[in-house]
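The values are calculated or read from the model by the stated rules, or taken from the named source; none is laboratory data. Predicted, not measured: the structure shown is a model, and the values here were computed from it. Glycine gets a Cβ as well: all are built from the backbone with ideal geometry, and neighbour counts include every protein chain shown. Accessible surface areas use protein heavy atoms only, side chains included; no ligands, DNA or RNA. Shrake-Rupley method; radii C 1.70, N 1.55, O 1.52, S 1.80 Å.
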Amino acid sequence: MNRIACIGAGYVGGPTMAVIADRCPQYTVTVVDVNADRIAAWNSDRLPIYEPGLEEVVFRRRNRNLFYSTDIPAAVRDADVIFVSVNTPTKTFGAGAGQAADLQYIEKTARSIIEYADSDKIIVEKSTLPVRTAQAMSRILHSNTRGLKFQIISNPEFLAEGTAIADLQNPDRVLIGGMDDTPAGQAAIETVIAIYANWVPRDRIITTNLWSSELTKLVSNALLAQRVSSVNSISALCEKTEADIDEVTRAAGRDSRIGAKFLKAGIGFGGSCFKKDILNLAYLCGYYGLPEVAEYWTQVVRINDYQARRFVGNMLSAMFNTVAGKRIAIFGFAFKADTGDTRESPAIAVCRQLLEERAELAIHDPRALGNARLDLESETGVIDYCEDPYAAAASAHAIAVLTDWMSFRELDYRRIFESMQKPAFIFDGRNLLDSAEMYEIGFNVYPIGRKALTHF
Ligand code: UDX
Ligand code: UDX
């Protein structure tokens, strides 16, 4: 068992397989995708996604034991273990539209596996899936007429973008869900454990039944997102009461039962997973007749939307209730620092609302300008895309910090202030900058969940 295939060369499949190839030189890893451009990019000097440390790992293993290909039939035929990491977006049509997961790519993948396979295989679900999807997968796979047997394992990915390689190399835990009630099921679990055991300490590899594993992925993301929404909801109260959200979370997070991580207030969470997974969790609860539970989790998404709206509302009221015709520098468009990914970035909602108010935008992001252009291409209004943050800020009325890029801390804000219209505003949507220092320079500073510092 030393030939691995992965179907889906995206943010999850790409980095995960690179690290497996790197840590398991005895395995041959082939990553396939229906998107030929994406595969060409994986085979080029410019990888299709940016992740710190990714290039190093890919360039070290590529064409040795790591291959990127569009030849899905060959990859399926040759592999003993097939990871599936195709996308599972929120359904946009039909029953469950806007909430349920769209499983058409998962089903297509299962059907292509039975079309090309000529021996028994272990199928590993990497994509985030509704609980009990493995059952449907199994039924489709076993509809093959050649008597082929498939073992299904759930092995959800917990990597976060921007730290994907470090998360994969040193995971808090690896979760492997399977059915251990048959010898073949037990052997499949052991096979997947053996892959990770090449570099992950055995006590960090957790095994559960299939359904627990599928559900744990949704629940982990829901719990993380819930922390962010809880803190953001309290940031609104802080702004009314002169409490300081960063002080509150620092003090509350010192309780070891609460913990200090994932308590940073901001303009809301983005990324491809949180919203999709919570809506999917809520949909499942509704489907199983638990409307109160569905409502509870849906509120996490509502607070997230509210936080972005509230941020724009604060901008408007600070800037004399009008931003029409005013240039606003947007610092950061990616959904978090150290990635060029803008999927579900709160910056999209903030920029759209500012454009509706007829503001003129000058967007700067160190990695995400290409994606920002695509996200806003159907919007009307003036949008300037700037490689240089100083050019973005020149003659602007305000700066809105929307992503926590550390490089924004190192800019010369005196120079920026001089180049701007007065009064000059900073709306720090990530509490990234030193408010007192910005105020000293002359800015009117509006952080999240903390008193604004104004000169009038
Ligand atoms: C995806 C899912 O969105 C997420 O729910 C899951 O947890 C992991 O997999 P990601 O890797 O970020 O996350 O998605 P994406 O970057 O869109 O990559 C998916 C890839 O699968 C794309 O390159 C797409 O071309 C490919 N794909 C999709 C196939 O090869 N075959 C298909 O039938 C559908
Ligand atoms: C998340 C999960 O962390 C990961 O385990 C899962 O596999 C995929 O989804 P990701 O979306 O890549 O990863 O990034 P994450 O670091 O979780 O950040 C998500 C969003 O929450 C970002 O927009 C970030 O800015 C925001 N966030 C995070 C906050 O606003 N405050 C915080 O304290 C932490």
Kindly indicate whether any position in the range 36-50 is outside any loop (DSSP other than H, G, I, E, B), within 20 Å of Pro156 (Cα to Cα) and under 23 Å from the mean Cα position of the chain (by Cα).
no
If you go through the range 14-31 one residue at a time, do you hit one that is among the hydrophobic types (A, V, I, L, M, F, W, C) and open to solvent by 20 Å² or more (accessible area, probe 1.4 Å)?
no
Applying the selection to the range 286-315, what residues are away from ligand 2 (no atom under 16 Å from the Cβ) and open to solvent by less than 30 Å² (accessible area, probe 1.4 Å)?
Ala294, Thr298, Val312, Met315
Among the numbered conditions (1) assigned to a strand (DSSP E or B); (2) small (Gly, Ala, Ser); (3) open to solvent by 10 Å² or more (accessible area, probe 1.4 Å), tell me where Ala5 comes up short.
(3)
Inside the range 424-456, the number of residues satisfying the requirement of being open to solvent by less than 50 Å² (accessible area, probe 1.4 Å) and part of a loop (DSSP other than H, G, I, E, B) is 12
Can you tell me how many residues in the range 80-115 are open to solvent by 70 Å² or more (accessible area, probe 1.4 Å) and in a helix (DSSP H, G or I)?
6
Residue count for the range 352-366, restricted to those that are over 13 Å from Thr403 (Cα atoms) and within 16 Å of ligand 2 (Cβ to nearest atom)
0
If Ser378 satisfies all but one of (1) part of a loop (DSSP other than H, G, I, E, B); (2) touching a residue at least 24 places away in the same chain (Cβ under 8 Å); (3) more than 14 Å from ligand 2 (Cβ to nearest atom); (4) open to solvent by 10 Å² or more (accessible area, probe 1.4 Å), what's the number of the condition it fails?
(2)
Scan the range 64-79 and give yes if some residue there is of a type in the set (A, V, I, L, M), surrounded by 20 or more Cβ atoms within 10 Å (Cβ to Cβ) and under 20 Å from Glu161 (Cα atoms), otherwise no.
no
List, please: which pairs have Cβ atoms under 7 Å, are six or more places apart or on different chains, and start with a residue in the range 34-51 that is within 18 Å of Gly162 (Cα to Cα) and touching a residue at least 60 places away in the same chain (Cβ under 8 Å) and end with one that is in a helix (DSSP H, G or I) and within 16 Å of ligand 2 (Cβ to nearest atom)?
Ile49/Gly14; Glu51/Pro15; Glu51/Ala164; Glu51/Ile165
Of all the residues that make up the range 128-160, how many are in a loop (DSSP other than H, G, I, E, B), away from ligand 1 (no atom under 12 Å from the Cβ) and under 26 Å from the mean Cα position of the chain (by Cα)?
2
What number of residues within the range 234-278 satisfy the criterion of being more than 16 Å from ligand 1 (Cβ to nearest atom), open to solvent by less than 20 Å² (accessible area, probe 1.4 Å) and aliphatic (A, V, I, L, M)?
4
